[in-house]
Amino acid sequence: MRSLPYFCRGQVVRGFGRGSKQLGIPTANFPEQVVDSLPADVSTGIYYGWASVGSGDVHKMVVSIGWNPYYKNMKKSMETHIMHTFKEDFYGEILNVAIVGYLRPEKNFDSLGFLSPFLNGEIEKVKKVNMVDIFSLQV
Ligand SMILES: Cc1cc2nc3c(=O)[nH]c(=O)nc-3n(C[C@H](O)[C@H](O)[C@H](O)COP(=O)(O)O)c2cc1C
Ligand SMILES: Nc1ncnc2c1ncn2[C@@H]1O[C@H](COP(=O)(O)OP(=O)(O)O)[C@@H](O)[C@H]1O
Ligand SMILES: [Mg+2]
């Protein structure tokens with residue numbers, strides 16, 4: 001993907017509220033304009049990189065771009081899970097992301113019982129990768 005690393009920023013908007021409630025994985029959702037501005041070669045799928053909220057610290061992140069086949073969303077979304085524990089929600093704040101690399105295409109799952117442990121396992125693997133290796137990540 002020639003457009004990587006890809007940098008973008010936007011205000012955090014509300015999604016369906018499923019990330020924290022159903023999966024235990026909050027995802028900060030970008031507005032439609034940010035999703036629509038993605039370069040054509042940044043295809044749907046799961047990516048990793050770096051993120052910061054406002055002028056806060058930079059943390060590792062994973063970002064999901066697409067229609068969430070399990071939930072069959074009608075609108076394409078771009079949702080970032082930051083690998084950091086925040087004291088409170090940050091809706092309305094500016095999220096800055098640097099997408100570094102591609103992990104995999106979006107998948108469908110038979111049930112939440114498969115989706116949730118798969119995502120948690122994937123996130124744990126990305127967390128363990130050190131800052132240098134993240135540029136050649138394959139999980
Ligand atoms: C690292 C990561 C990988 C994901 N992979 C998939 C996937 O393969 N298939 C899918 O349907 N949804 C996937 N999701 C998206 C979740 O379904 C989504 O985060 C959830 O629906 C939350 O939506 P909400 O922000 O509207 O609450 C992934 C999310 C993350 C953070
Ligand atoms: N580590 C984190 N990564 C992403 N968002 C987080 C994190 N911790 C707290 N949040 C908050 O949780 C919200 C996302 O939760 P989620 O359940 O996905 O709701 P929504 O469907 O509205 O996006 C974010 O907008 C943000 O305010
Ligand atoms: Mg979300």
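The values are calculated or read from the model by the stated rules, or taken from the named source; none is laboratory data. Keep in mind that this is a model prediction, so the values were computed, not measured. Virtual Cβ from ideal backbone geometry, glycine too; neighbours counted across all protein chains shown.
Residues checked against (1) under 21 Å from residue 122 (Cα atoms); (2) crowded, with 17+ Cβ neighbours inside 10 Å:
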position: 31; (1), (2): no, no
position: 35; (1), (2): no, yes
position: 43; (1), (2): yes, no
position: 46; (1), (2): yes, yes
position: 59; (1), (2): yes, no
position: 69; (1), (2): yes, no
position: 111; (1), (2): yes, no
Residue pairs qualifying under the 9 Å Cβ cut-off, at least six apart or on distinct chains, with the first in the range 2-14 being within 13 Å of ligand 3 (Cβ to nearest atom) and the second being part of a loop (DSSP other than H, G, I, E, B) and of a type in the set (D, E, K, R), are 12/89; 12/93
In the range 1-22, anything surrounded by fewer than 17 Cβ atoms within 10 Å (Cβ to Cβ), hydrophobic (A, V, I, L, M, F, W, C) and within 16 Å of ligand 1 (Cβ to nearest atom) is listed as 13, 16
By residue number, the members of the range 1-42 that are of a type in the set (S, T, N, Q) and more than 14 Å from the chain's Cα centre (by Cα) are 3, 11, 22, 33, 37
Selection over the range 1-23 where residues are at pLDDT below 95 and either touching a Ser or Thr at 6+ places or on another chain (Cβ under 7 Å) or outside any loop (DSSP other than H, G, I, E, B) (or both) yields a count of 6
When the range 24-50 is checked residue by residue, the ones that are more than 8 Å from ligand 2 (Cβ to nearest atom) and under 28 Å from residue 117 (Cβ atoms) are 24, 30, 35, 42, 43, 44, 45, 46, 47, 48, 49, 50
Within the range 79-123, the residues that are out of contact with any Ser or Thr (no Cβ under 8 Å at 6 or more places or on another chain), within 24 Å of residue 4 (Cα to Cα) and near ligand 1 (Cβ under 9 Å from one of its atoms) are 103, 104, 107, 119, 122, 123
- What about residue 39, is it at pLDDT 95 or above and either loosely packed, with under 13 Cβ neighbours inside 10 Å or acidic (Asp, Glu) (or both)? yes
Requiring at least 3 residues that are aromatic (Phe, Trp, Tyr), the strands (runs of 3 or more DSSP E) wholly within the range 26-100 are 45-53
